[in-house]
1. Does at least one position in segment 154-164 carry a residue that is closer than 18 Å to HIS72 by Cα, of a type in the set (S, T, N, Q) and in contact with an Asp or Glu (Cβ under 7 Å, 6 or more places away or on another chain)?
2. Considering only residues that are part of a loop (DSSP other than H, G, I, E, B), closer than 21 Å to SER96 by Cβ and not hydrophobic (A, V, I, L, M, F, W, C), which ones fall in segment 1-48?
3. Where the second residue is modelled with pLDDT of 95 or more and of a type in the set (Asp, Glu) and the first is surrounded by 13 or more Cβ atoms within 10 Å (Cβ to Cβ) and lies in segment 66-91, which pairs have Cβ atoms under 6 Å and are six or more apart or on separate chains?
4. Scanning segment 36-46 for residues that are in contact with a strand residue (DSSP E or B) (Cβ under 9 Å, 6 or more places away or on another chain) and more than 19 Å from GLY14 (Cβ to Cβ), which turns out surrounded by the fewest Cβ atoms within 10 Å (Cβ to Cβ)?
5. Take the conditions surrounded by 18 or more Cβ atoms within 10 Å (Cβ to Cβ) and modelled with pLDDT under 95 and apply them to LEU27. Does it pass?
6. Could you check how many residues of segment 174-197 are open to solvent by 70 Å² or more (accessible area, probe 1.4 Å) and more than 21 Å from ARG63 (Cα to Cα)?
7. Need pairs with beta-carbon distance below 6 Å; first residue within 16 Å of LYS146 (Cα to Cα) and within segment 106-119, second crowded, with 16+ Cβ neighbours inside 10 Å and not acidic (Asp, Glu); sequence gap 6+ or separate chains.
8. Check whether at least one residue in segment 57-80 is on the phi > 0 side of the Ramachandran plot and modelled with pLDDT of 95 or more, and report yes or no.
Amino acid sequence: LIREALWNKAKWQGTGFVACGDAPPILALIFGEREPARRIFGYWEEEIGKVSKADALRICIIRHVDKANPHHYRVVIGSNVERAGIGKGGFFAMMSRIQTMTPETSQNLDAFLEAYRNVGMYFLAAAVVDGSGRYLEPIDDVRILKRELAVKEAWEIGRNDIDSVGILPGDQPTIPDGVDDQAVNDLLAWKRSRAKEVVAHHEAVNAKGRREKSRKEKQQKRKEKRKREQVRKSRRKR
């Protein structure tokens, strides 16, 4: 359900919340570009409907990802593997989009979650920032009614959790006293090890590129030197 090229064009920048009375609250995805965002929701409406009965689209909010900033949280959007009809025993790849939100308070998120718990459903909508980058403008009436929303604490997530993609190598989750944090510690250790491997690989590739560039430069210099020598010999013969 995630079309990567389209999301890159839409420039997802954050989330916004609206809660009002007994109506389903709104979780708005905030984009930088209107038309690609409209197309994202257009595809979703075709594929999962304006009322998402099967909840094939999975949204997870991961709280307390940074103990130094207790109100920061992360939003992960992707396909719901449990509802996607994928057969057992095989391998598959799933695309997700991740956004880290950095509010100074949790007031808006808490109000949305309370309204969601009371009503049992919410609207997923789209908005775009205006030319000044300060105000939000709804994108037409594109919205999808959903019932399922995953809300997790960062310390709860381990390597085999479907939402482990939402834990990043540099995270320092808030760990409450008395809880078993072995799962997230194992996940972070693995991710940090993988990150080091990626850096080492890139460094090796860059070093190989530099060596190849140096080899070609030396080769070119030798060619130019031979050419100059041939020119000098030709002049002496004349």
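1. Taking segment 154-164 and keeping what is closer than 18 Å to HIS72 by Cα, we get 154-157, 163-164.
From what's left, of a type in the set (S, T, N, Q): 164.
Keeping just the survivors that are in contact with an Asp or Glu (Cβ under 7 Å, 6 or more places away or on another chain) gives none.
No, because not a single residue in segment 154-164 is closer than 18 Å to HIS72 by Cα, of a type in the set (S, T, N, Q) and in contact with an Asp or Glu (Cβ under 7 Å, 6 or more places away or on another chain).
2. Kept after step one, since they are part of a loop (DSSP other than H, G, I, E, B), are these residues of segment 1-48: 1-3, 11, 19-25, 32-33.
From what is left, the residues that are closer than 21 Å to SER96 by Cβ are 1-3, 11, 32-33.
Passing the criteria: ARG3, LYS11, GLY32, GLU33.
3. Listed pairs, sorted by first residue: HIS72/ASP66.
4. Of the residues in segment 36-46, the ones in contact with a strand residue (DSSP E or B) (Cβ under 9 Å, 6 or more places away or on another chain) are 37-38, 40-42, 44-45.
Still in the list and also more than 19 Å from GLY14 (Cβ to Cβ): 42, 45.
Details: GLY42: 12, GLU45: 15.
Among them, the one singled out is GLY42.
5. Values: surrounded by 18 or more Cβ atoms within 10 Å (Cβ to Cβ): yes; modelled with pLDDT under 95: no.
In short, no.
6. 3
7. Every condition considered, the pairs that remain are PHE112/PHE17; PHE112/ALA19; PHE112/PRO25; ALA115/ALA19; ALA115/PRO25; TYR116/PRO25; TYR116/TYR122; VAL119/PRO24.
8. Yes: segment 57-80 contains one or more residues that are on the phi > 0 side of the Ramachandran plot and modelled with pLDDT of 95 or more.
The values are calculated or read from the model by the stated rules, or taken from the named source; none is laboratory data. Only a predicted model underlies this, so the values are computations on that prediction, with no experimental measurement involved. Note that each Cβ is placed from the backbone with ideal geometry, even for glycine, and that neighbours are counted across all protein chains shown. Remember, those area values only see protein heavy atoms, side chains included, never the ligands or the DNA or RNA. Shrake-Rupley method; radii C 1.70, N 1.55, O 1.52, S 1.80 Å.
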